[in-house]
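Okay, so here's the structure we're looking at.
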Amino acid sequence: MLADCGRVNSLPDGAGVELRGWIRSKRHHGRLMFIDLRDGTGVVQVTLKAAELPEADFQAVSSAGRESAVVVWGVVVHDPRAPGGAEVRARKIELLSASLEEFPIKKGVGPRFLSDHRHLAIRSPKAAAILRFRSNLLKSIRNWFEREGFVEVHCPTFITAAVEGGATLFEVNYFGKKVYLTQSVQFYQEAAIYSLGKVYSIQPSFRAERSKTRRHLTEFWHVEGEMAFAGLDDLMRVVERLVGEASAETLENSRELLKLLGRERSPESVEPPYHRVKYSEALDILASKGVQLEWGSDLGADEEKILTMEFDKPFFLTHFPRKAKAFYHMPDPANPELTLSADLLAPEGYGEIVGSGQRIHDYEQLLARIVEEGLEPADYKWYLDLRKYGSVPHSGFGLGVERLVQWLLGLKNIRSAVMFPRTMSRTYP
Ligand code: 4AD
Ligand code: MG
């Protein structure tokens, strides 16, 4: 029976199995050999006794290096001494593909070397566990949207005008014309709500951020949603339920992965409701910690970190000043210097994971903001058009997948949350 390495311990004693995988490590004791075999589902110990299998098989495998591919036929034996509680005693083994050279990923190699060899480093059980966790998370996020009646839409990557400010736009030479890589599909989603009501997208966004921090990528996966007839409170309710419920379900479904990663995080620790803290209150909290932030400035990484240390669950930071936010944000009717905006910040120093807000839906008001920001109204013609035909209050959000994975798993650097990271200094492999 073809079996998964990661599930051998759930099979009965004496079961005959066929395993296909790669040699993670090998230990020799004369005519006895132990192999840690991995196949993407987990690792299992395979015991080879020279007396119990064809001599040629034993010889071929004894000289095979790490990451050589093999097929093993053997018998399951439950043994408390085996890692995982069960091993496979080989009766036959075939070397499918011997490694041509010594596998370069070894104990003691530095982070730079690992990044340069990311194509090989992702074979490690820890890297694989993070990728599997990320896959589980995306599955839960998608299921959440589908249960809630959101329609998935797919938006372009080449765009002609900034969503989040010109400073972080990547230029592309498009047949001699200057276009950009998308920072957010928000504007296209705002068009889509008039066609479909509630929409979501899961696709990459690009930021030419000159930030070499542990939480900035130049290409990241962006989960975005937009809803017609929704104000700031409706929006925050949706964001906290999405983040809370999808994260809790993922943690629930990923207990083995968390154990392997040595991460303790309970589904309860992400449960909504989340606190709502106004920008002005945040300034007071910061001042009480001896940090003076000028009213109107956006929070920097340092301020965010200090603030998030005060919380043990994610929390919303709301009502940012107009000048700290992009032009499309709806001014607060109670105080037009503020916006109906809400960032969701992860606790324990991790910081922003979601940016969101209500959008300006009045034509003249939006036009005035575009002009005020020194932007070219012609560049936003189609976006302004949306305010001409049955425009209604609407709100939406963007969630950084890697930021959420980083926080949930407690990863030091965001790069570990993505298979092949793109940063200011890295586009290889
Ligand atoms: O706060 P941001 O810039 O908001 C927007 O792009 C909105 N237009 C989204 C919307 O309302 N549809 O980005 C949203 C989120 C951030 O909270 C963060 O999680 C992630 O995207 N993000 C990044 N993640 C990794 N590296 C970067 N350089 C990121 N920039 C933003
Ligand atoms: Mg933001």
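The values are calculated or read from the model by the stated rules, or taken from the named source; none is laboratory data. If you're wondering where the values come from, they're calculated on a predicted model, not measured in any experiment. Don't worry about glycine lacking a Cβ; one is built from the backbone with ideal geometry, like all the others, and counts go over all protein chains shown. Note: accessible area is taken over every heavy atom of the protein model, side chains too, but ligands, DNA and RNA are not part of it. Shrake-Rupley method; radii C 1.70, N 1.55, O 1.52, S 1.80 Å.
Under a 5 Å amide H cut-off, with hydrogens placed 1.01 Å from N, residue 24 pairs with 36, 37, 38, 67 among residues at least 5 apart or on other chains.
Accessible surface calculations at 1.4 Å, restricted to protein heavy atoms, place segment 321-385 at 40 Å² per residue. Comparing Cα centroids, segment 164-188 and segment 124-145 end up 29 angstrom apart. Computed over Cα pairs, the Kirkwood radius of the chain leads via Stokes-Einstein (1.567 mPa s, 4 °C) to a diffusion coefficient of 53 µm² per second. One equal scatterer on each Cα of segment 175-276, no solvent, Debye formula: the resulting log10 I(q)/I(0) at q = 0.17, 0.20, 0.22, 0.23 Å⁻¹ is -1.06, -1.18, -1.20, -1.20.
Of the residues 377, 424, 319, the one whose Cα sits farthest towards the positive end of the charge dipole of segment 313-429 is 424 (charges of +1 on Lys and Arg Cβ, -1 on Asp and Glu Cβ, taken about the Cα centre).
Dividing the alpha-carbon radius of gyration of segment 355-419 by the rule-of-thumb value 2.2 N^0.38 Å gives 1.65. Our coupling estimate for segment 414-421, obtained by passing each phi through the Karplus curve with A = 6.51, B = -1.76, C = 1.60 and θ = phi - 60°, is 4, 4, 5, 8, 10, 5, 10, x Hz, Gly and Pro reported as x.
Under 5 Å between amide hydrogens, built in the peptide plane, is the criterion, and for residue 353 it picks out 344, 345, 346 among residues at least 5 positions away or on other chains.
Kindly rank 124-134, 168-178 from highest to lowest mean number of other beta carbons found within 10 Å of each residue.
Highest-to-lowest ranking by the protection proxy: 124-134, 168-178.
Accessible surface computed residue by residue for segment 267-306, with neighbouring protein chains in place and a 1.4 Å probe, gives 58 Å² per residue. Averaging 1/r across all pairs of distinct Cα atoms in segment 315-429 and inverting the result yields a Kirkwood radius of 16.3 Å.
Amide H to amide H, with H built 1.01 Å from N, residue 339 comes under 5 Å of 320, 322, 332, counting only residues 5 or more places away or on other chains.
Across segment 1-136, the fraction of Cα-Cα pairs farther apart than 27 Å, rounded to a whole number, is 21%.
Dipole size of the chain about its Cα centre, with +1 on Lys/Arg Cβ and -1 on Asp/Glu Cβ: approximately 1700 debye, rounded to the nearest 20.
Each peptide in 110-123, 414-427 gets a packing score, the mean of other Cβ atoms within 10 Å over its residues, and the list from highest to lowest is 414-427, 110-123. The portion of the accessible surface of segment 231-308 made up by carbon and sulfur, rounded to a whole percent, is 46 (1.4 Å probe; DNA, RNA and ligands excluded).
3J(HN,Hα) along segment 388-393: 9, 10, x, 5, 10, x Hz, from the Karplus curve 6.51 cos²θ - 1.76 cosθ + 1.60 with θ = phi - 60°, whole Hz, x for Gly and Pro. Counting only other residues whose beta carbon sits under 14 Å from that of residue 4, what net charge do I get with K and R as +1, D and E as -1? Cβ neighbours under 14 Å give a net charge of +1.
In segment 66-109, carbon and sulfur make up what percent of the accessible area (probe 1.4 Å)?
Values: 1400 of 2530 Å².
Roughly 55 percent of what the probe reaches on segment 66-109 is carbon or sulfur.
More than 14 Å apart: what percent of Cα pairs in segment 21-90 qualify? Pairs farther apart than 14 Å: 56 percent.
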